[in-house]
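> Following this message is one structure expressed as structure tokens.
The values are calculated or read from the model by the stated rules, or taken from the named source; none is laboratory data. Just so we're clear, the structure is a prediction, and the values are computed from it rather than from any experiment. Neighbour counts are summed over all protein chains in view; Cβ atoms, including those assigned to glycine, are modelled from backbone coordinates with ideal geometry.
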Amino acid sequence: MGIRIGLVSLRTGSRPPALPAGFDSPEADQLLLPDLILAEVAYVLESFYETPRSQVADTLRAVLAFQAIQVVDAELLQRAVEIYDAHRLDFADAYLVASAERTGVAEIASFDRAIDRVGTVRRVEPE
């Protein structure tokens, strides 16, 4: 939650609220960023703030590179950002494609034809 507030405050210029107790302690030098929150950051920056996709991708890369941020699978998220930026998919679909690539899944069931732009997986229209 703190990460999302921090990114939004950078865009709006407003000051973020005070962090909860313990977040500013010397022991709290790393924050876990769940994948879903990174997707939400992409969505908010692109839809609400109308940030260009390339800037959103650069911001997501910067968040992932920040040493205090820990994620479960950095390579998966970096690949999702790459797909999001290069193939112009929304972040959720880019994450889906990156997950399929990572696990060796060759087909994705989806109505979203934008996935067809990525050559590493095959989209199958659900019946």
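> Mind listing whichever residues of the range 11-35 are loosely packed, with under 10 Cβ neighbours inside 10 Å and either at pLDDT 90 or above or within 22 Å of Asp73 (Cα to Cα) (or both)?
Correct list: Asp29 only.
> Looking at the range 66-78, can you tell me whether even one residue there is farther than 23 Å from Arg123 by Cα, crowded, with 16+ Cβ neighbours inside 10 Å and of a type in the set (S, T, N, Q)?
no
> Return yes or no: is Ala100 surrounded by 12 or more Cβ atoms within 10 Å (Cβ to Cβ), touching a residue at least 24 places away in the same chain (Cβ under 8 Å) and among the small types (Gly, Ala, Ser)? First the steps, then the outcome.
Values: surrounded by 12 or more Cβ atoms within 10 Å (Cβ to Cβ): yes; touching a residue at least 24 places away in the same chain (Cβ under 8 Å): no; among the small types (Gly, Ala, Ser): yes.
No, not satisfied.
> Please indicate, with yes or no, whether at least one residue in the range 52-63 is surrounded by fewer than 14 Cβ atoms within 10 Å (Cβ to Cβ), at pLDDT 55 or above, more than 16 Å from the chain's Cα centre (by Cα) and not hydrophobic (A, V, I, L, M, F, W, C).
No; the residues of the range 52-63 include none that is surrounded by fewer than 14 Cβ atoms within 10 Å (Cβ to Cβ), at pLDDT 55 or above, more than 16 Å from the chain's Cα centre (by Cα) and not hydrophobic (A, V, I, L, M, F, W, C).
> Right, next: List the pairs whose first member sits in the range 63-79 and is within 17 Å of Ala94 (Cβ to Cβ), whose second member is of a type in the set (A, V, I, L, M) and assigned to a strand (DSSP E or B), and whose Cβ atoms are under 7 Å apart, counting only residues at least 6 apart or on separate chains?
Val63/Ile69
> Out of Leu7, Leu38, I need the residue that is at pLDDT 85 or above, surrounded by 12 or more Cβ atoms within 10 Å (Cβ to Cβ) and either in contact with a Ser or Thr (Cβ under 7 Å, 6 or more places away or on another chain) or closer than 30 Å to Leu89 by Cα (or both). Which one?
Working: Leu7 fails: at pLDDT 85 or above.
On inspection, the qualifying residue turns out to be Leu38.
> I've got another one for you. If you take the residues of the range 41-51 that are of a type in the set (Phe, Trp, Tyr) and assigned to a helix (DSSP H, G or I), which of them is surrounded by the fewest Cβ atoms within 10 Å (Cβ to Cβ)?
Phe48
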